[in-house]
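What follows is one structure encoded as structure tokens, with my remarks underneath.
The values are calculated or read from the model by the stated rules, or taken from the named source; none is laboratory data. Treat the numbers as computed from the prediction; the structure is a model and nothing was measured. Every residue, glycine among them, receives a Cβ derived from its backbone with ideal geometry; neighbour counts consider all protein chains shown.
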Amino acid sequence: MSKSRLSNSLLTGAIATALFAFAAPVTVHAQDEGSDRGDRSERAARGARSSDRTEQRAERRSSRQAQAPKEALYPNATRAAPGVSASQRLAKQLNALSEANTAQDAGKGLPLAEEILANERANEYDRSIAALLAGQLLLNDDNERAITYMQQAIDLGGLDNDNHFQAMLIIAQLRAQEQDYAAALTMMERFLAESGSTDPKDLALKGNLLYRLERYPEAIATLKPLVDAGGEVDPQWTQLLMGAYAESGNTAEATRLAEQVAQATPSDKRSQINLAVSYLQTDQNDKAIEVFERLRAAGQLTEESEYRNLYALYLNGDSKEREAIAVINDGLEKNVLKPDYRTMSALGQAYYFSEQIPQAIDAWGKAAPLAENGETYLNLARVLHQEGRSAEAKDAARQAIAKGLRSNTDAERIISSR
């Protein structure tokens, strides 16, 4: 089955592009090794002044110790966090870079990051966090450079696990956004293997990438457990799974899922259109018509293609020309359909085969000047000739020849008739 038969906007949804917020780097204050230590009496005075605060500090320490530690985002990670902290000697630069990142000031932040990366005294954490923040500063402005910096942050190996794995996830998302699905999948598979993530959103992104790469059986194997899990299931996951089934030839399962989604979201136009498409792919045209007509009655057919699909279904059915006429005229009245050649030619056809000849002549008369060749003028000439409107028929036949025909025989016959 050709992928062009499935609408990506309906079946796959957008790749998730929301970028995760990184934990803010630790604000480090270096010890001032060159400070004036003062004399002993001043130290004693400072000690006396500070003694009044001892109890308050003790209470604050107790409060901090009582707080639960931050829950790790990736408790099942196979990577051991490096446990490296920022160098005090680079505290000033790191804090300035952090402030520039918060202000999204790339002009200030990127040179600071490069200074830290080039500093021989910087440790692996200093360099990793500098590269990470530089990448953040470039997100959505220069994603290729952002990826380069984030990959550098990962390769340097100094980040805590939360930032390390979220950097991987963002690279995968950015690669997907740039439609480099193979590279995105490579990073995504590494992320899942090393982070131990079981987050359904992460698995759904992998499934989406597999779908985009036309690896449909693997996409099904990834997405099906997410959809079958029950509870709150993102409709896009179901639509992806439905698309994978359809593309792999399992149209019956695709239709079953489409019916399930449409039933659960009766007011959602996209799910209803997906259902109609599924019915079309399984040659259940009457059911597809029912879906389109429900949407039309609810005022939800707002696209030209939707009206065209509906009237084409009627024209391809048995004795459904009057229904096609109603759909076309409705679309024209609502300005959803334009009175172009395609529309007016279809309207003329519907009128002719429903034996409404004057209306057919009128519609074809509007379509013929818009046609690329003279075939529509020739059809018009034939009908006019049958109706005994000889002068009009001869004029239409001459215009048909002027516009170009596969054969001039019928047109010349009409012109020469008495």
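Numbers at a glance
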item	result
Residue tally, condition part of a helix (DSSP H, G or I) and in contact with a helix residue (DSSP H, G or I) (Cβ under 8 Å, 6 or more places away or on another chain), over the range 246-263	12
Which numbered condition residue 144 fails, given (1) out of contact with any Leu (no Cβ under 8 Å at 6 or more places or on another chain); (2) more than 30 Å from residue 203 (Cα to Cα); (3) among the acidic types (Asp, Glu)	(2)
Pair list, Cβ under 6 Å, 6 or more apart: the range 400-412 residue without any contact (Cβ under 8 Å) to a residue 60 or more places away in the chain and surrounded by 11 or more Cβ atoms within 10 Å (Cβ to Cβ), other residue small (Gly, Ala, Ser) and outside any helix (DSSP H, G or I)	400/374; 403/374; 404/374; 405/374
Filter pass, residue 153 being touching a Leu at 6+ places or on another chain (Cβ under 8 Å), closer than 30 Å to residue 213 by Cβ, at pLDDT 95 or above and surrounded by fewer than 18 Cβ atoms within 10 Å (Cβ to Cβ)	no
Complete set of residues in the range 75-90 that are of a type in the set (A, V, I, L, M) and either part of a helix (DSSP H, G or I) or surrounded by fewer than 19 Cβ atoms within 10 Å (Cβ to Cβ) (or both)	77, 80, 81, 84, 90
Filter result for residue 99 (surrounded by fewer than 22 Cβ atoms within 10 Å (Cβ to Cβ), touching a Gly at 6+ places or on another chain (Cβ under 9 Å), without any contact (Cβ under 8 Å) to a residue 24 or more places away in the chain and among the acidic types (Asp, Glu))	yes
Test: residue in the range 278-293 that is under 21 Å from residue 185 (Cβ atoms) and either touching a His at 6+ places or on another chain (Cβ under 6 Å) or touching a residue at least 60 places away in the same chain (Cβ under 8 Å) (or both)	no
2 or more residues farther than 19 Å from residue 81 by Cβ and without any contact (Cβ under 8 Å) to a residue 24 or more places away in the chain: qualifying helices (runs of 4 or more DSSP H) within the range 112-199	143-156, 181-195
Residue count, the range 91-110 (criterion: more than 20 Å from residue 154 (Cα to Cα) and either in a helix (DSSP H, G or I) or basic (Lys, Arg) (or both))	11
Conditions (1) under 36 Å from the mean Cα position of the chain (by Cα); (2) surrounded by fewer than 21 Cβ atoms within 10 Å (Cβ to Cβ): number failed by residue 109	(2)
The lone exception for residue 231 - which of (1) within 21 Å of the chain's Cα centre (by Cα); (2) surrounded by fewer than 16 Cβ atoms within 10 Å (Cβ to Cβ) it fails	(1)
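Residue-wise test of (1) among the hydrophobic types (A, V, I, L, M, F, W, C); (2) within 22 Å of the chain's Cα centre (by Cα).
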| residue | (1), (2) |
| --- | --- |
| 221 | yes, yes |
| 226 | yes, yes |
| 247 | no, yes |
| 254 | yes, yes |
| 262 | yes, yes |
| 267 | no, yes |
| 283 | no, no |
| 290 | no, no |
| 298 | yes, no |
